[in-house]
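See structure below.
The values are calculated or read from the model by the stated rules, or taken from the named source; none is laboratory data. Keep in mind that what you see is a predicted model, and the values were worked out from it rather than measured. Every residue, glycine as well, gets a Cβ built from its backbone with ideal geometry; the counts of neighbours run over all protein chains shown.
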Amino acid sequence: MNTLPQQLANGLLLGSMYGLIAIGYTMVYGIVQLINFAHGEIFMTGAFGALTVYFYILPDGTSMAIAVPLMLLGGAIVAILIAVGAERFAYRPLRGAPRLAPLITAIGLSLALQEVVRNFYPEADGARPFPGLDTTHDIGSITIKDADIFLIVAAILCMSALAWFVRKSRTGRAMQATAQDPDTAQLMGIDTNRIIVIAFAIGGFFAAVAAVAYGLKYGNVDYRMGFLMGLKAFTAAVLGGIGNIYGAMLGGIVLGIAETLASAYIDEIPGMQQLGGQSWANVWAFCLLILVLLVRPQGLLGERVADRA
Amino acid sequence: MRQRSLVILTSVLTTGALTLTACGSRDDNGGGDSGGGDTTTLTIGVDAPLSGENSQTGLGIQYGAQIAVDDANEKNLVPGVKFKIKALDDKAQPATGQSNATDLTGDQSVVGAVGPLNSGVAQSMLQVFSAANMVQISPANTNPELTQGKNWQTDKKRPYKTYFRTSTTDELQGSYAADYAFNGLKKKDAFVVDDKQTYGAGLAKIFNEQYKKLGGKVVGTDHVNTGDKDFGSLVTKIKNSKADLLYYGGQYDEAQLITKQLKDAGVKIPLFAGDGTFSTTYIETAGAAAEGDLVTAIGVPADTLPAAKDFIAEYKAKGYKGDYGAYGTYAYDATTAIINAVKAAVDANDGKLPEMNELRPKVVDEVQKSDFEGLTGKVSFDEYGDTTNKQLTVYQVEKGEWKAVKTGTADLG
């Protein structure tokens, strides 16, 4: 059996999830040059928001066709509130402070959010089961399930909408202007604080979409899920060129596929058995990052200033 | 900027982790000295993962020990001495376990310790307890090296005389699983995966060797990282290998995700694992995908032991969290062994409680001589500190519950 199509599909799915989360890192960086390390935890709280809708708000036995959009809504509300709240209360007071201050704030916020969920969300000490979309479909030699279709469709829709928004809408163009030069943008009458809030909100929404997809795909969520996913998504953003929204998506997909193919095939190369397999996936992913940065320090797509937002 | 931020991230996280570790409970009360006529309170330390990974089974250890202490206090087992539990969370991290061990040995009211859950954590604690001459009894460690030394296959040598366990070893567990897979299930092509931890890798290796010895074929092997969530690539490999059984050496946290992703991808082969996966959380998380999966677990099923009935009733009545099924009864027996040893030491000292620095070595000696009927059967230890109770049970998920399918003693033939 030829496993390549299936492995590519696995990588594409994983990569789409990285890409959705990476949008949050890249948008915020593009506008305020802040690496929001709490973004992984915003992703995590989005998942718990969706879980709350399913277990504590919707009546038992609600069909998934109705439940999923409502979970998405619940997750998005929670993630956006936390992202915007973080901006308003943690980062805005530090605007203009040395760069290290907001960075350390972000890390502190990330730990705080993890501990809050662990301590105050019911039974969040361990993994909590999340409703899955597990019906499978065979397309040629590829097996995918409903959750995978949800992920791909959501990623395509969200990305197209974002591309349209940034290029065509008035607010989107204001974002580009702010990204290019915040001071001048403000002089031209753009409310930069509002633009920054919108960037955080969009990042939160994308994280929530990824979080719901994550829950539906893997069937459980826990308070630490944001750490590694956040780190990978940050890597994806850097790989694609941080500050560039297309780069984030591309970086995510490249990273996902590279990881999957490395763990699938490296151990089949003679002499490389010891360096292959699932446990080396992260190593190869970061090797790729180093290689790309050596050749193209600005990332795959680089920071195209005109589209930076 | 980017590199600097990563360095900062790591250092801040490390600092945070260290700070959290340092926040263990520090209520030293009682002390080791026996006041004339008054009751003295001795502490029994518990170390297990109480949050995060493996915490369900870890909490089972904490509350199993708690019930043993409550029972001993109620029956006034050692006149003039009351016991209490000091439970520390090791988060399944060796470094945290080591600092907890230091905390326990430094606390002059602690007479012995129960735990940990993970063999890898135990490795980092052995030296600390040995230096303090304090007894440590694990209800769950199964790695052979802990009691029989690095070269346990050829030259058994006990590294630390303060370490005991009420669970049996992976040598027996892995062999028993291989035998059941090959002869019981008639599965001839196994795919073997482990999580590279002391416990998981050791168990998978023993299974691998024994299975091949029996005539089975290992069609592929792979390793995962603890904390991994996406096993898509691994699942595709297993599917392609045409294996009819997946053997997994590791804990339920990853096993439950692997089995779910495996079945979702249409690979309807059972996952067979060790006692680290024997948890109700596994079934709750994996749902229907867990159906037909198997584990080996140490001892005989808790609910078939008449002595364990009261234990289970008490555990449920008190509303304790966690899973008593895997190690709760073993933690109970481990704790009772320490309490009995204190009693023997007191009896040998004309009914007086010796000073703590004399009591600790005496308890080690008395635990070695343990011989009593516990919840899990006879509790006694061989010259390596291993339990003499070598029974194992295979459980299978049937209609959403673990059902015992075979109990026996492993044959190393």
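Could we say that residue B:196 is part of a loop (DSSP other than H, G, I, E, B), charged (D, E, K, R) and either surrounded by 16 or more Cβ atoms within 10 Å (Cβ to Cβ) or touching a His at 6+ places or on another chain (Cβ under 7 Å) (or both) here?
So residue B:196 fits the description; yes.
Report, by residue number, each residue of region B:148-170 that is out of contact with any Pro (no Cβ under 8 Å at 6 or more places or on another chain) and touching a residue at least 24 places away in the same chain (Cβ under 8 Å).
B:148, B:156, B:158, B:159, B:160, B:161, B:162, B:163, B:164, B:168
Residue by residue through region A:40-64, note down the ones that are within 13 Å of residue A:122 (Cα to Cα) and aromatic (Phe, Trp, Tyr).
A:48, A:55, A:56
Pairs only if they're at least six apart or on different chains, beta carbon under 8 angstrom, first in region B:218-244 and in contact (Cβ under 8 Å) with a residue 60 or more places away in the chain and in the same structural domain as residue B:272 (by TED's automatic domain parsing), second surrounded by fewer than 24 Cβ atoms within 10 Å (Cβ to Cβ) and among the aliphatic types (A, V, I, L, M); list them, first residue then second.
Final answer for the pair search is B:227/A:228.
Taking only pairs six or more apart or across chains, which ones have beta-carbon atoms under 8 Å, a first residue in region B:113-129 that is over 20 Å from residue B:196 (Cβ atoms), and a second residue that is among the β-branched types (Val, Ile, Thr) and part of a helix (DSSP H, G or I)?
Listed by first residue and then by second, the contacts come to B:114/B:61; B:114/B:335; B:114/B:338; B:115/B:61; B:128/B:102; B:128/B:105; B:129/B:105.
With the checklist (1) within 17 Å of residue B:104 (Cα to Cα); (2) surrounded by fewer than 18 Cβ atoms within 10 Å (Cβ to Cβ); (3) touching a residue at least 40 places away in the same chain (Cβ under 8 Å) in hand, flag the one item residue B:351 doesn't pass.
Just one mismatch for residue B:351, condition (1).
Condition test on residue A:111, is it touching a Gly at 6+ places or on another chain (Cβ under 8 Å), without any contact (Cβ under 8 Å) to a residue 60 or more places away in the chain and closer than 19 Å to residue A:21 by Cβ?
yes
Of the residues A:44, A:27, A:1, only one is buried (at least 24 other Cβ atoms within 10 Å of the Cβ) and at pLDDT below 95; which?
A:27
So which residues in region B:369-412 are assigned to a loop (DSSP other than H, G, I, E, B) and farther than 30 Å from residue B:155 by Cβ, if there are any at all?
Within region B:369-412, B:375, B:399, B:400 meet the criteria.
Every residue in region B:123-144 that is out of contact with any Phe, Trp or Tyr (no Cβ under 6 Å at 6 or more places or on another chain) and either among the acidic types (Asp, Glu) or part of a loop (DSSP other than H, G, I, E, B) (or both), please.
Here is the first cut: in region B:123-144, the residues out of contact with any Phe, Trp or Tyr (no Cβ under 6 Å at 6 or more places or on another chain) are B:123-125, B:127-129, B:131-135, B:138, B:141-142.
Listed by number, the residues that qualify are B:132, B:133, B:134, B:141, B:142.
I'd like the full set of residues that are in contact with a helix residue (DSSP H, G or I) (Cβ under 8 Å, 6 or more places away or on another chain) and touching a residue at least 24 places away in the same chain (Cβ under 8 Å), limited to region A:91-105.
A:91, A:92, A:95, A:102, A:103
Give me the residue from region A:111-140 that is over 18 Å from residue B:229 (Cβ atoms) and among the small types (Gly, Ala, Ser) and, out of that set, nearest to the other protein chains (Cβ to nearest Cβ).
So the residue we want is A:112.
Sort out which residues of region B:214-227 are more than 7 Å from chain A (Cβ to nearest Cβ) and within 21 Å of residue A:228 (Cβ to Cβ), and write them in order of number. Please lay out each step first, then the result.
Filtering region B:214-227 down to residues more than 7 Å from chain A (Cβ to nearest Cβ) leaves B:214-221, B:226.
Within region B:214-227, just B:226 meets the criteria.
Considering only residues that are of a type in the set (Ser, Thr, Tyr) and either within 11 Å of another protein chain (Cβ to nearest Cβ) or surrounded by fewer than 24 Cβ atoms within 10 Å (Cβ to Cβ) (or both), look in region B:228-250 and name the one that is nearest to residue B:91 (Cα to Cα).
B:233
Here's a check for you: in region B:251-307, which residue that is within 13 Å of chain A (Cβ to nearest Cβ) and at positive phi is farthest from the chain's Cα centre (by Cα)?
Among them, the one singled out is B:266.
Of everything in region B:324-348 that's farther than 23 Å from residue B:368 by Cα and crowded, with 24+ Cβ neighbours inside 10 Å, which residue is modelled with the highest pLDDT? Don't jump to the end; show me each part of the working.
Narrowing region B:324-348 to residues farther than 23 Å from residue B:368 by Cα: B:324-326.
Cutting the leftovers down to crowded, with 24+ Cβ neighbours inside 10 Å gives us B:324, B:326.
Values: B:324: 84, B:326: 80.
Residue satisfying both the conditions and the ranking: B:324.
Could you check, for region A:167-188, whether at least one of its residues is in contact (Cβ under 8 Å) with a residue 40 or more places away in the chain and within 11 Å of chain B (Cβ to nearest Cβ)?
No: zero hits.
When you go through A:227, A:234, A:286, A:206 one by one, which is the residue that is more than 28 Å from residue B:263 (Cβ to Cβ), surrounded by fewer than 24 Cβ atoms within 10 Å (Cβ to Cβ) and either under 11 Å from the mean Cα position of the chain (by Cα) or within 14 Å of another protein chain (Cβ to nearest Cβ) (or both)?
Numbers: A:227 fails: more than 28 Å from residue B:263 (Cβ to Cβ); A:234 fails: surrounded by fewer than 24 Cβ atoms within 10 Å (Cβ to Cβ); A:206 fails: surrounded by fewer than 24 Cβ atoms within 10 Å (Cβ to Cβ).
The conditions single out A:286.
For the structure I just gave you, tell me whether residue A:178 is surrounded by fewer than 20 Cβ atoms within 10 Å (Cβ to Cβ) and hydroxyl-bearing (Ser, Thr, Tyr).
no
Residue under question is residue A:133, and the condition is that it be loosely packed, with under 12 Cβ neighbours inside 10 Å and closer than 17 Å to residue A:71 by Cβ; does it hold? Walk me through how you get there before you give the answer.
Numbers: loosely packed, with under 12 Cβ neighbours inside 10 Å: no; closer than 17 Å to residue A:71 by Cβ: yes.
Criteria not met by residue A:133.
Got a sec? Which of A:140, A:108 is surrounded by 15 or more Cβ atoms within 10 Å (Cβ to Cβ) and out of contact with any Leu (no Cβ under 7 Å at 6 or more places or on another chain)?
On inspection, the qualifying residue turns out to be A:108.
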